[in-house]
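Please read the structure below before turning to the comments.
Every number in this text was worked out from the coordinates using simple rules, so none of it is lab data. From a predicted model like this one, the values you see are computed outputs, not experimental measurements. Every residue, glycine as well, gets a Cβ built from its backbone with ideal geometry; the counts of neighbours run over all protein chains shown.
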Amino acid sequence: MTNKNIQNNYSTFAEKYDKLFNDDMYQSWATYVEKNTKPGRLLDLGGGAGRLAVLLSQKKYKVDVLDISTEMLALAQDHAREADVDVNLLQADMREWSDWQYSYPTIVSFADALNYLPNLEDFKATINQVHAHLETGGQFLFDVITPYQVNVLYDNYFYNNDDDEDNIFMWTSYPGEEKDSVDHDLKFFVYDESIDGFKILREIHHEQTYQLDIYQRELLAAGFTNITISADFGHKEINDTTERWFFKAVKA
């Protein structure tokens with residue numbers, strides 16, 4: 001039942017899914033970018049609903065958002081309009097966007113975007129595209145959830161939110177078929193006046209991660225150098241219980 005079609009991941013309930021990440025995390029991602037770069041042109045790869053793009057635009061970055069989901073990009077357009085900032089939107093598959101003839105000093109990818117790539121070949125294709133679209137000496141900043149997060153913290157994870165009647169949802173996680181993968185069963189309960197009851201919106205989201213040496217190997221193979229890894233938005237060194245790795249890599 002695992003859904004590995006990236007294009008359909010957000011098609012049913014993009015607006016509901018957008019609310020799962022809290023604002024504090026986006027503020028932390030924006031601060032991480034600000035500490036490691038200078039304001040300028042930047043691409044947010046898999047930037048979804050554009051929340052990070054809006055924050056960075058307010059910090060004088062000129063942000064392009066690339067995402068495969070037209071529904072998420074529509075939300076990004078709405079968020080940018082509400083914040084009165086300009087964000088350029090690009091609908092494309094992060095594994096193949098060679099037609100986009102622009103190079104950036106900085107490309108970023110956060111919020112599990114790279115973990116939604118189904119397999120290692122897709123990850124390789126994506127970072128090769130990133131390398132091709134970076135200026136020489138440009139930086140690639142991204143994060144991924146770790147095998148510890150997948151295999152320990154998400155092992156039979158369950159969360160039920162019924163405090164807000166407008167956003168009732170259930171989240172259950174269980175091991176995926178592949179090593180270091182997890183499937184998330186997300187159910188949103190939406191009130192429908194026509195039936196005087198709730199409709200269930202449900203999707204299965206598949207996330208895949210890898211051991212640290214695999215990420216390092218593939219980044220080097222793609223042509224990146226000066227690769228550094230940290231935890232907690234760059235504030236801590238990684239250890240065996242790190243939940244999210246933060247990578248900085250430079251185009252040689």
**Prompt:** Listed here are the pairs LYS35/LYS187; LYS187/LYS251; LYS62/LYS124; LYS59/LYS199; LYS179/LYS199; which of them are more than 30 Å apart at the Cα?
**Reply:** LYS35/LYS187; LYS187/LYS251; LYS59/LYS199; LYS179/LYS199
**Asked** Hey, what angle do you get for helix 23-36 against the long axis of the chain, alpha-carbon based, 0 to 90 degrees rounded to 10?
**Response** 0
**Item:** Karplus (6.51, -1.76, 1.60) ³J(HN,Hα), θ = phi - 60°, over the range 176-183, in Hz, Gly and Pro reported as x
**Value:** x, 6, 8, 4, 6, 10, 9, 10
**Request:** Just name one of SER103, GLN149, THR136: the one whose Cα is farthest towards the positive end of the charge dipole of the range 103-252 (beta-carbon charges, Lys/Arg +1, Asp/Glu -1).
**Result:** THR136
**Message:** Just to be sure I understand the model, the point goes 7 Å from the Cα along the line to the Cβ. What's the resulting TRP100 to ASN156 distance in nm?
**Reply:** 4.2
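Looking at the range 149-207 only, what percent of DSSP beta bridges run antiparallel? Nearest 5 please. Mind dumping the intermediate values first?
Values: 23 of 23 bridges.
Antiparallel bridges: around 100 percent, rounded to the nearest 5.
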**Asked** What is the dipole size for the range 149-207, taken about its Cα centre, with +1 at each Lys and Arg Cβ and -1 at each Asp and Glu Cβ, in debye to the nearest 20?
**Response** 200
**Prompt:** Which whole-number percent gives the relative contact order of the range 108-252, counting Cα pairs below 8 Å spaced six or more residues apart?
**Reply:** 28
**Asked** Nearest 0.05, what FRET efficiency do ARG202 and SER28 give at R0 = 35 Å with Cβ-Cβ as r?
**Response** 0.75
**Message:** In the range 149-207, if the dipole is taken from +1 on Lys/Arg beta carbons and -1 on Asp/Glu beta carbons about the Cα centre, which of PHE158, SER181, MET170 is farthest to the positive end?
**Reply:** SER181
**Request:** Would you mind putting 99-106, 205-212 in packing order, based on average other-beta-carbon counts within 10 Å, highest first?
**Result:** 205-212, 99-106
**Request:** Counting helices only, and only those DSSP H runs with n ≥ 4, report the 222 nm mean residue ellipticity of the chain as the sum of -39,500 (n - 2.57) divided by its residues, in deg cm²/dmol to the nearest 500.
**Result:** -8000 deg cm²/dmol
**Complete:** Helix 212-222: inclination vs the chain longest Cα principal axis, degrees, rounded to 10, gives 50
